Amino acid sequence: MRTSSIWPTPKSHLKRHTPDTVQLYFSPATLQATAKRFLEGFGGLVTYAVKANASDEVLGNLTAAGITAFDVASPREMYSVRAVNPTAVLHYNNPVRSTEEIATAVALNVASYSVDSLSELDKLAAVPKGTEISVRLALPVSGAAYDFGAKFGVGPELAVPLLQEVAKRGFAPAITFHPGTQCTDPEAWATYIAASAAVSKAAGVRLKRLNVGGGFAAHRAGQAPDLEAIFERIITATAESFGAEAPRLVCEPGRAMVADAFTLATRVKALRPDGSVFLNDGIYGGLAEARDMYMVDRIATLTAQGEAHGGDPTHRVVFGPTCDSIDRLPGEIALPSDLAEGDYVLFAGLGAYSQAINTAFNGYGLEAPITVGEL
């Protein structure tokens with residue numbers, strides 16, 4: 001149940017209410033500070049990838065922080081953004097769409113599209129001439145948690161004639177790419193930027209804009225990302241590769257924008273004699289990404305009375321609450337030896353995809369987040 005109160009911290013709420021359901025805590029201050037970090041550090045237009053978290057509170061706070069453009073992947077995301085921000089600029093960079101989805105995008109005056117094949121470009125015949133259309137480039141670049149190029153994008157050789165066709169049909173030509181989720185290597189962006197410049201030159205087409213994608217990492221493998229180093233490398237690589245004909249830049253962070261604005265608080269349902277732990281949330285809920293994206297490295301615990309534990313860390317198998325045996329976190333998690341039933345296990349950095357992927361399997365899952373001053 002949503003509460004109208006703003007609590008100082010997750011701990012203050014847990015100590016007062018001792019909830020038995022999983023709780024998601026949201027810090028607007030953290031989200032707005034991250035948005036301003038992108039707005040001040042990135043040398044171009046900052047759009048938010050709505051897929052990471054499409055909740056009203058996220059979209060509203062990003063708007064308040066100065067985000068005016070949003071990357072949407074479906075009509076439902078378009079409507080979600082416009083419901084919160086009627087004047088928002090929409091970029092539709094999911095390169096595969098039905099004709100019905102395109103009709104909705106045209107009706108909503110979407111400002112930008114992407115394509116990775118001639119057949120998808122053909123579908124955009126109803127899009128007004130002069131609209132920005134980006135060719136999505138894919139390269140075998142390392143540095144990310146997993147590769148996005150296996151599903152979307154074309155290599156440089158195929159990108160050249162596709163970019164020429166975009167310009168020939170009267171659209172504003174651009175290139176977009178995605179270095180892969182949780183990318184921490186600035187050189188991944190530099191490699192893509194150089195390839196984009198080479199495609200532009202080979203095609204004889206000057207780019208209106210270069211979309212350097214998402215992929216910006218949130219906390220990964222125990223380290224906070226150096227976003228400023230990536231911003232700086234993008235700026236220098238663009239100057240090096242394009243020179244005087246450098247296009248305007250746009251980025252579309254999702255995970256990096258919203259992840260650290262939320263903390264997930266779970267409760268211990270049971271402890272087994274072998275030391276394994278059952279929580280009231282797992283891979284069918286807010287921890288849905290845990291099996292593919294190891295992001296459970298920032299953990300805090302509290303007793304049922306809201307106090308700190310004193311026991312030494314003990315590595316334990318951690319299960320979720322559902323009847324499915326695969327509902328468990330990967331590996332073993334270090335938790336205090338004095339952890340008890342009814343205590344709380346808090347996971348930081350759970351703002352990205354937790355609400356988006358969450359299910360209600362077996363009647364478990366997330367409710368509306370609780371607002372806090374700080375996490």
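The values are calculated or read from the model by the stated rules, or taken from the named source; none is laboratory data. Remember, it's a predicted structure, so these values are computed and weren't measured experimentally. FYI the Cβ positions are ideal-geometry reconstructions off the backbone, even for glycines, and counts take in every protein chain you see.
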Yes or no: region 67-89 includes at least one residue that is assigned to a helix (DSSP H, G or I), more than 19 Å from the chain's Cα centre (by Cα) and under 30 Å from residue 341 (Cβ atoms). no
Condition first: over 17 Å from the mean Cα position of the chain (by Cα) and assigned to a helix (DSSP H, G or I). Now tell me which residues in region 15-64 satisfy that. 15, 16, 17, 29, 40, 41, 64
Flag if residue 135 is more than 17 Å from the chain's Cα centre (by Cα), assigned to a strand (DSSP E or B) and of a type outside the set (Gly, Ala, Ser): yes
Pick from region 72-103 the residues that are farther than 22 Å from residue 136 by Cβ and β-branched (Val, Ile, Thr): which of them is surrounded by the fewest Cβ atoms within 10 Å (Cβ to Cβ)? 87
More than 15 Å from the chain's Cα centre (by Cα) and farther than 26 Å from residue 313 by Cα: is that true of residue 255 in this structure? no
Scanning for something in contact with a Leu (Cβ under 7 Å, 6 or more places away or on another chain), at pLDDT 95 or above, surrounded by fewer than 20 Cβ atoms within 10 Å (Cβ to Cβ) and over 30 Å from residue 300 (Cα atoms), does region 50-71 turn up at least one residue? yes
Keeping to region 179-230, report how many residues are closer than 24 Å to residue 158 by Cα and of a type outside the set (Val, Ile, Thr). 26
Just to be sure, is residue 175 outside any helix (DSSP H, G or I) and of a type in the set (A, V, I, L, M)? yes
(1) within 21 Å of residue 262 (Cβ to Cβ); (2) touching a residue at least 40 places away in the same chain (Cβ under 8 Å) all hold for residue 85 apart from (2)
Being within 18 Å of the chain's Cα centre (by Cα) and closer than 18 Å to residue 242 by Cα is the filter here; which residues of region 157-185 pass it? 176, 177
Would you confirm whether any residue within region 200-211 is under 27 Å from residue 36 (Cβ atoms), under 20 Å from the mean Cα position of the chain (by Cα) and in contact (Cβ under 8 Å) with a residue 12 or more places away in the chain? yes
